[in-house]
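Presented below is the structure to which this report refers.
The values are calculated or read from the model by the stated rules, or taken from the named source; none is laboratory data. Computed from a predicted model, the values in this text were never measured in an experiment. Cβ sites come from the backbone with ideal geometry, for glycine too, and all protein chains shown count toward neighbours. These accessible areas exclude ligands, DNA and RNA; they are computed on the full protein's heavy atoms, side chains included. Shrake-Rupley method; radii C 1.70, N 1.55, O 1.52, S 1.80 Å.
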Amino acid sequence: MGMSEENLEKLQELTKEINLTISELKTIKWLSKWEPEVVDNIISIVNKLRAKERSNEYS
């Protein structure tokens, strides 16, 4: 499996519960071609935002 495929799997896992538009899916595919570190940082940012949103729900 190549870098793009691995990145795409990570991004698809990140967005699996979200109904994405065609344009957003194209962006995910485009992002999957970036360096793994970039993709990992984007995933980390999204996960931090989700965690913050969850913590705000219980405040």
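Step by step: first the residues of segment 13-26, then only those that are assigned to a loop (DSSP other than H, G, I, E, B) and charged (D, E, K, R), then the one that is most open to solvent (accessible area, probe 1.4 Å). Which residue is that?
The extreme case among them is Glu17.
Collect the residues in segment 32-42 that are in a loop (DSSP other than H, G, I, E, B) and either open to solvent by 60 Å² or more (accessible area, probe 1.4 Å) or farther than 8 Å from Asn7 by Cα (or both), keeping them in residue-number order.
Lys33, Trp34, Glu35
Mind listing just one residue for me: the one in segment 1-39 that is without any contact (Cβ under 8 Å) to a residue 12 or more places away in the chain and of a type in the set (Val, Ile, Thr) and, of those, nearest to Arg50 (Cα to Cα)?
Here the residue is Ile18.
Would you check if Ser59 is of a type in the set (Ser, Thr, Tyr), at pLDDT below 95 and assigned to a helix (DSSP H, G or I)?
For Ser59, the condition - of a type in the set (Ser, Thr, Tyr), at pLDDT below 95 and assigned to a helix (DSSP H, G or I) - is not met.
Given the options Lys10, Lys48, Lys29, name the one that is surrounded by 10 or more Cβ atoms within 10 Å (Cβ to Cβ) and out of contact with any helix residue (DSSP H, G or I) (no Cβ under 8 Å at 6 or more places or on another chain).
It is Lys48.
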